[in-house]
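Chemist: Below you'll find the structure I mean.
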Amino acid sequence: NAGVTQTPKFQVLKTGQSMTLQCAQDMNHEYMSWYRQDPGMGLRLIHYSVGAGITDQGEVPNGYNVSRSTTEDFPLRLLSAAPSQTSVYFCASSFFPGTGNEQYFGPGTRLTVT
Amino acid sequence: EDKVVQSPLSLVVHEGDTVTLNCSYEVTNFRSLLWYKQEKKAPTFLFMLTSSGIEKKSGRLSSILDKKELFSILNITATQTGDSAVYLCAVAGAGSYQLTFGKGTKLSVIP
């Protein structure tokens with residue numbers, strides 16, 4: 001049971017480049033989400049999904065796309081990277097969306113956009 | 001819009017001290033409040049408090065929820081250097097699929 005996995009761990013992009021951050025979980029969780037964490041800002045929700053084929057926006061969705069074709073995978077796409085997207089990105093998953101049940105976090109991806 | 005405010009933002013204590021971390025919140029139709037510990041990696045779950053469980057304890061850590069005054073505290077007794085971390089508070093509203101996090105309290109425990 002690997003829990004929540006994320007790849008890559010580190011990434012450097014140039015402004016305007018695109019990339020996909022990968023997230024996978026093997027706990028059969030319905031709910032998956034992406035957060036970004038900036039110094040002094042806590043965790044801010046980017047996008048979330050309550051099941052395969054269902055996604056919705058969080059607090060800071062601009063510049064990011066998601067899709068959920070399977071229960072296990074929830075990739076985050078940066079369409080045209082900007083320096084403001086330099087951050088640490090965490091993927092999380094849990095059962096029973098909306099009940100406040102414990103979310104399991106992946107190890108994070110540190111992204112730098114130059 | 002849901003809101004979580006944690007205080008203090010940072011705290012430095014000596015080993016053996018007792019600390020209290022604060023979390024106040026505003027949320028539509030409160031469902032639960034969660035505490036996480038974050039060292040130099042992903043947050044790890046500590047406690048979840050709900051209307052039916054307003055007090056939790058695990059070893060030297062304990063937490064209470066005051067639903068009337070809309071706040072929670074996290075207590076750590078006999079602190080150790082391994083308690084050094086950022087402690088995050090989050091709330092979930094009924095019918096919402098989102099957790100709203102506070103900015104965290106950075107605790108530093110020095111020998």
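Chemist: Would you say B:Tyr87 is under 28 Å from A:Thr55 (Cα atoms) and surrounded by 15 or more Cβ atoms within 10 Å (Cβ to Cβ)?
Modeler: Considered against the rule, which asks whether it is under 28 Å from A:Thr55 (Cα atoms) and surrounded by 15 or more Cβ atoms within 10 Å (Cβ to Cβ), B:Tyr87 comes out as no.
Chemist: A further question follows. Evaluate the following for A:Leu45: is it modelled with pLDDT of 95 or more and within 10 Å of the chain's Cα centre (by Cα)?
Modeler: No.
Chemist: Another question, then. So which residues in the stretch A:13-42 are within 15 Å of the chain's Cα centre (by Cα) and aliphatic (A, V, I, L, M)?
Modeler: A:Met19, A:Leu21, A:Ala24, A:Met32
Chemist: Then there is this: So, in the stretch A:52-71, exactly how many residues are in a strand (DSSP E or B) and surrounded by fewer than 16 Cβ atoms within 10 Å (Cβ to Cβ)?
Modeler: 4
Chemist: Consider B:Leu74 carefully, then state whether it is more than 12 Å from chain A (Cβ to nearest Cβ), open to solvent by less than 40 Å² (accessible area, probe 1.4 Å) and either in contact (Cβ under 8 Å) with a residue 60 or more places away in the chain or of a type in the set (Lys, Arg) (or both).
Modeler: no
Chemist: Open to solvent by less than 40 Å² (accessible area, probe 1.4 Å) and either more than 14 Å from B:Leu34 (Cβ to Cβ) or part of a strand (DSSP E or B) (or both): is that true of B:Ser96 in this structure?
Modeler: no
Chemist: When residues of the stretch B:1-54 are filtered for being in contact (Cβ under 8 Å) with a residue 40 or more places away in the chain, small (Gly, Ala, Ser) and within 11 Å of chain A (Cβ to nearest Cβ), how many remain?
Modeler: Residues that pass the stated criteria total 2.
The values are calculated or read from the model by the stated rules, or taken from the named source; none is laboratory data. All of these numbers come straight from a predicted model, not from anything done at the bench. Here the Cβ is made from the backbone with ideal geometry for all residues, glycine too, and neighbour counts use every protein chain on show. Each accessible area value is taken on the protein alone, full model and side chains, heavy atoms only, with ligands, DNA and RNA left out. Shrake-Rupley method; radii C 1.70, N 1.55, O 1.52, S 1.80 Å.
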